[in-house]
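Enquirer: Dropping a structure here in structure tokens format, bear with me for questions.
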Amino acid sequence: MVKAIVGGNWGDEGKGKITSLLAAESDIVVRYQGGANAGRTVTGAYGKHALHQLPSGVFNPETVNIIAQGAAPDIVGLFDWLDVTGAAGEPTDPCYVSASAPGAVTC
């Protein structure tokens, strides 16, 4: 079954909160738009984290997370965040950036 959460407004309309709830049951979570200035706060087993670039499933080791071509990632900030959370022992894999996104890499 495919579940898609799509918003029609700019700003906080609750997409991140719903996505975070469904991410625990999802095989893949895709962040398809927004830049490093957007995001949401996720609270879970690893504490409270502000996710500005990563999909909501990033703390789920069995969920593949993708930053798609509609997003505009800040690659330096993304790797800094992954370094800090990885050093704290928090799962952040697997996470991929689409080859069509600006600054495309695998993280």
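The values are calculated or read from the model by the stated rules, or taken from the named source; none is laboratory data. None of the values given here were measured: they were computed from a predicted structure. With ideal geometry, Cβ positions are generated from the backbone for all residues, glycine too; neighbour counts draw on all protein chains shown. Note: accessible area is taken over every heavy atom of the protein model, side chains too, but ligands, DNA and RNA are not part of it. Shrake-Rupley method; radii C 1.70, N 1.55, O 1.52, S 1.80 Å.
Enquirer: Please compute the net charge surrounding LEU51, taking Lys and Arg as +1 and Asp and Glu as -1 over other residues with Cβ under 10 Å from its Cβ.
Expert: Values: positive: ARG31, ARG40; negative: none.
Local charge sum for LEU51: +2.
Enquirer: Rounded to the nearest 500, what is the 222 nm mean residue ellipticity of the chain from helices alone, with -39500 (n - 2.57) per DSSP H run of 4+ residues and division by all residues?
Expert: Numbers: 2 runs with 22 residues, N = 107.
Helix-only estimate at 222 nm: -6000 deg cm²/dmol.
Enquirer: Under 19 Å from a label point 7 Å along Cα→Cβ of VAL84: give me every residue in the range 17-49 with its amide N that close.
Expert: Under 19 Å, as judged by backbone N against the label point of VAL84, lie 35-49 of the range 17-49.
Enquirer: What accessible area per residue, rounded to a whole number of Å², is obtained for the chain using a probe radius of 1.4 Å?
Expert: Values: 6380 Å² over 107 residues.
Value returned for the chain: 60 Å² of accessible area per residue.
Enquirer: In what sequence, highest mean first, do 46-54, 59-67 appear when ranked by Cβ atoms within 10 angstrom?
Expert: Working: 46-54: 16.3, 59-67: 18.8.
Going from most to least packed, we get 59-67, 46-54.
Enquirer: Note the per residue figure in Å³ for the convex hull of the C-alpha positions in the range 23-95.
Expert: Expressed per residue, the convex hull around the Cα atoms of the range 23-95 is 78 Å³.
Enquirer: Report the relative contact order of the chain, percent, no decimals, based on alpha-carbon pairs under 8 angstrom and at least 6 residues apart. Please report the intermediate quantities before stating the final value.
Expert: On the way: 189 pairs, mean separation 25.0, N = 107.
Averaging sequence separation for qualifying contacts and normalising by length gives 23 percent for the chain.
Enquirer: Here is a follow-up. Cα to Cα, under 17 Å, and not fewer than 8 places away if on the same chain: which lysines meet these conditions relative to LYS48?
Expert: LYS17
Enquirer: Counting DSSP beta bridges with both partners in the chain, what percentage is antiparallel, nearest 5? Don't jump to the answer; show the numbers that get you there.
Expert: Values: 6 of 15 bridges.
The antiparallel fraction comes to roughly 40 percent.
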